[in-house]
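S.K.: Below is a structure I'd like to ask you about.
The values are calculated or read from the model by the stated rules, or taken from the named source; none is laboratory data. Note that the coordinates shown come from a computational prediction; the quantities given were computed from them, not determined experimentally. Ideal geometry is used to build each Cβ from the backbone, glycine not excepted, and the neighbour counts take in all protein chains shown.
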Amino acid sequence: MPRKSSAVNQQTVTAAVQLFLRLPRAMRWGLAVLAVAGGLIYMYTAGHHAGPDAAAQQGIAADGENEFVFCFWNVENLFDDKDDKRNNIDEEYDNPFALNPKLRELKYDRITSALLKMNDGKGPDVITCCEVESVRAAELLRDALNAKLKEAKKDDKLQYKFLAMQNLEAGRHIAPCVISRVNVDVRNVKLIKKPLRILEAHLYVNGADLCILAAHWTSQLKQRDGSDGDSGREKYANTIYERFRELNKKDPNCDVLICGDFNDTPDADPVAKNLGATADKTKVKPTTDPNNEPFLLNLMGGKDPAKFGTLWYSGKPLIYDQIILSPGMLDTKGWSADPASVATITAGLTRPGATRREPWRFGDPDKEVKDADRGFADHFPVVVKIKVEPPKK
């Protein structure tokens, strides 16, 4: 049977060559050029989307520099300097930020100043944000961070060199991004199941791969179907867990960090049941049993909103912004995290004189508000310490 198949293939190739040679000379040249161009495009895209095994993407941590501060922050409508003619929902942010440089620079100054107060004045080593309009907006944020670091005469090694994001139109034109001074495999960045706002990016250091899944789940606001978005949040949870299971099937000790604004509390069904995120560390163990769904560790699970709340909603503090770890993040191999280090950053991010735990918003950009009355965002950032195993000698 293999010989017959081989013969058929050979006849097909021979016939195709004969047909090509009968074509006019100009057409043959045109097809040849297209074939070469197609091959080059394929090689580029294959390299662009290659996984973290690609040697060119490997990062090596310097001695004593294998511990990092990771931060997630919903920066609330961070728009760029281009008037993109967005839909009605986004136009109230798109136009003012594009047409009013002073307003835009104030927003970026607020966000960068807050970030660079963290981690002993160095800023988080890895910053993941949501509600970012575009790759351009993420670039502006990175550049603003680097400019402040340079102005403060900080070591050049503290510059943010890596950015991972893809533009997304999903009702609103906003998406997650990663800005990092830690090596990011920029060829292994993708959005999972568009139009969902789930970004996958990989830190790759000392031969160890950390998969970051950053997401912004469906809002609690009334949806078009009249619901409060429960089914949408379940879809996000199921999609993220499915991706984790794919990684877990290849390696039960895979290192995965899930973060985002889930628009739900840690004990809500989409988080606790669909995503399998628990506060009970004893339940979070690697497994290869296909009938045993592994739990994930929710670092914000079981926490008191009065101390860890990330936003103020319906007259009380709630924990919507969360960091979740795979079982592999709890061992000492590859990447790991310190669960005890998780914290919600509030210092300087509440309105002066405020008596409740409420983030100080920047405010609607199309409204007349004094600069001194503009804050930062409607969520607080969340941080955790992560660590990569030193290189083997």
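S.K.: Based on this model, can you work out whether Lys285 counts as touching a helix residue (DSSP H, G or I) at 6+ places or on another chain (Cβ under 6 Å) and under 14 Å from Pro252 (Cα atoms)?
M.R.: For Lys285, the condition - touching a helix residue (DSSP H, G or I) at 6+ places or on another chain (Cβ under 6 Å) and under 14 Å from Pro252 (Cα atoms) - is met.
S.K.: Here's a follow-up. Identify all residues within region 166-208 that are in contact with a Gly (Cβ under 8 Å, 6 or more places away or on another chain), in a loop (DSSP other than H, G, I, E, B) and either within 21 Å of Asn238 (Cβ to Cβ) or of a type in the set (S, T, N, Q) (or both); write none if there are none.
M.R.: Asn183, Asn188, Pro195, Asn206, listed by residue number.
S.K.: Name every residue in region 276-287 that is part of a loop (DSSP other than H, G, I, E, B) and either out of contact with any Gly (no Cβ under 9 Å at 6 or more places or on another chain) or farther than 21 Å from Ala337 by Cβ (or both), in order of residue number.
M.R.: Listed by number, the residues that qualify are Gly276, Val284, Lys285, Thr287.
S.K.: Tell me whether region 362-369 contains one or more residues that are closer than 30 Å to Lys285 by Cα and surrounded by fewer than 13 Cβ atoms within 10 Å (Cβ to Cβ).
M.R.: Taking every residue of region 362-369 in turn, none turns out to be closer than 30 Å to Lys285 by Cα and surrounded by fewer than 13 Cβ atoms within 10 Å (Cβ to Cβ).
One line per residue, one yes/no per condition, for (1) in a loop (DSSP other than H, G, I, E, B); (2) of a type in the set (D, E, K, R); (3) out of contact with any helix residue (DSSP H, G or I) (no Cβ under 6 Å at 6 or more places or on another chain); (4) in the same structural domain as Lys316 (by TED's automatic domain parsing):
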| site | (1), (2), (3), (4) |
| --- | --- |
| Leu210 | no, no, yes, yes |
| Leu213 | no, no, no, yes |
| Thr218 | yes, no, no, yes |
| Tyr236 | no, no, yes, yes |
| Asn253 | yes, no, no, yes |
| Asp264 | yes, yes, no, yes |
| Pro270 | no, no, no, yes |
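S.K.: Something else about it: What's the number of the condition Asp267 fails, among (1) surrounded by fewer than 16 Cβ atoms within 10 Å (Cβ to Cβ); (2) modelled with pLDDT under 95; (3) of a type outside the set (Gly, Ala, Ser); (4) over 23 Å from Pro286 (Cβ atoms)?
M.R.: It is condition (2) that Asp267 fails.
S.K.: Kindly check whether there is at least one residue in region 105-116 that is part of a helix (DSSP H, G or I) and under 30 Å from Gly207 (Cβ atoms).
M.R.: Looking for residues that are part of a helix (DSSP H, G or I) and under 30 Å from Gly207 (Cβ atoms), one finds at least one in region 105-116, hence yes.
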